[in-house]
Amino acid sequence: MSSPKILVTGSSGFLGAWVVRDLIERGVDFVLFDRDPDLRRLEALVPGPLPDVTFETGDVADDELVVATASKHGVTSILHLAALQMPFCRPNPMLGARVNILGTLAVFEAARRLDHVTKVVYASSAAVIGPEEFYEGRQVTDRDALSPATHYGVFKQANEGAARVYHLDHGVASIGLRPWTVYGLGRDQGLTSDATRAIKAALLGRPFTLRYSGKNALQYAGDVAAAFVESALDERDVCRTFNLRGEVEEMTDFVARIETLLPEAKGLITLSGGQIPVAYDIDDSDLRAFLPDLRRTSVAEGIAATLADFRRLRGEGRLETRELDEGL
């Protein structure tokens, strides 16, 4: 078996940066692909100079370019993270469908057409799951019916179906993971980025209002990145979609945890809006059985780690506040 070489789409994004850092730490060879060559999130995550990286710039929905890139570099798998997030799909569903659906089909086409690409690992989302009341209060498994309430969730559900059909028709192996609220350094876009913004605002002594309340399933970015990388390195020929469970927390308790670590920020972080219409109590026992060594960082540990990252960047004069200033 040849050494793994992974093509990472969406590598300039938040989760892409965490995945690339994980690959660097493991010594796994990779190629980056994104329409935006800005590596500021990765540079913030990796202390010291970045190692030399191979970066290809392009549109993930350009299937011929994706195939050519995967062929050029002889990659063994594709870790597909490129996506247009929920707040950007809502006003422009046509663009959302182009990026999220056609981009995913382009990745699967590369796996279908290139013998050396043995697996696709792709980011689905908990947004495919319906609201809490749809499941009548019970825990949601990987096999429960889906009822997405947003265009973004519908697009992600379509991708799960496409993965199944590519496996049935062409034998393309794949793993899809459904993260919920992922937080940590670099999370600066999308509705659920508010958890990370709240931590940063508290550190900076700035008032901040989260745009949702109620219960949330919070997942530290390092854990989620590791789940994607472990899935990409796994050599089993499967077609699976897995829930990725977070630690369920009332957002009032999340704010209280921040205030415990930063007493001077008491009263700065407030809540607005209601419950996000996605069930939060999801079961990931199938994933834990499939990849039993996955870690799960507690919310308290994750907030502390995120604060440490922000303090480090502030000390280096590199802590950005654009997402607080502009409300992205």
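Bear in mind these aren't lab numbers, they're just calculated from the coordinates by the rules spelled out. These numbers were taken from a predicted model, which means no experiment stands behind them. Because the Cβ atoms are built from the backbone with ideal geometry, glycine has one as well, and the counts that use them run over all protein chains shown.
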Taking the Cβ-Cβ separation of ASP62 and MET94 as r and a Förster radius of 22 Å, what is the calculated FRET efficiency to the nearest 0.05? 0.85
Would you kindly work out the equivalent ellipsoid of segment 176-328 from its C-alpha gyration tensor and give its semi-axes, the square roots of five times the eigenvalues, largest first in whole Å? 29, 18, 13
What's the extension gain from ARG322 to THR209 if we count 0.36 nm per residue and subtract their Cα-Cα distance? 39.1 nm
Nearest 0.05, what FRET efficiency do THR252 and ASP29 give at R0 = 41 Å with Cβ-Cβ as r? 0.35
About the Cα centre, charge dipole magnitude for the chain (Lys/Arg +1, Asp/Glu -1 at Cβ), debye: 340
Rg/Rh of the chain (Cα atoms, Kirkwood Rh), to two decimals, equals 0.95
Starting from the Cα-Cα distance between ARG311 and LEU168, subtract it from 0.36 nm times their residue separation and give me the gain in nm to one decimal. 46.6 nm
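In what sequence do TYR135, TYR220 fall when counting other Cβ within 10 Å, fewest first?
Working: TYR135 18, TYR220 24.
Neighbour counts put them in this order, fewest first: TYR135, TYR220.
Just to verify a number: FRET efficiency for ASP36 and ARG138, C-beta to C-beta distance, R0 = 30 Å, to 0.05?
Values: r = 41 Å, r/R0 = 1.36.
My answer for the efficiency is 0.15.
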Value of [θ]222 nm, deg cm²/dmol, for the chain, DSSP H segments ≥ 4, -39500 (n - 2.57) each, nearest 500: -12000 deg cm²/dmol
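On a full-extension model of 0.36 nm per residue, what is the gain between ASP293 and VAL238, subtracting their alpha-carbon distance, rounded to one decimal in nm? Intermediate results must be reported in sequence, preceding the final value.
On the way: separation 55, 0.36 × 55 = 19.80 nm, distance 1.86 nm.
Result for the pair: 17.9 nm of gain on full extension.
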Roughly how far apart, in whole Å, are the Cα centres of segment 180-257 and segment 97-155? 18
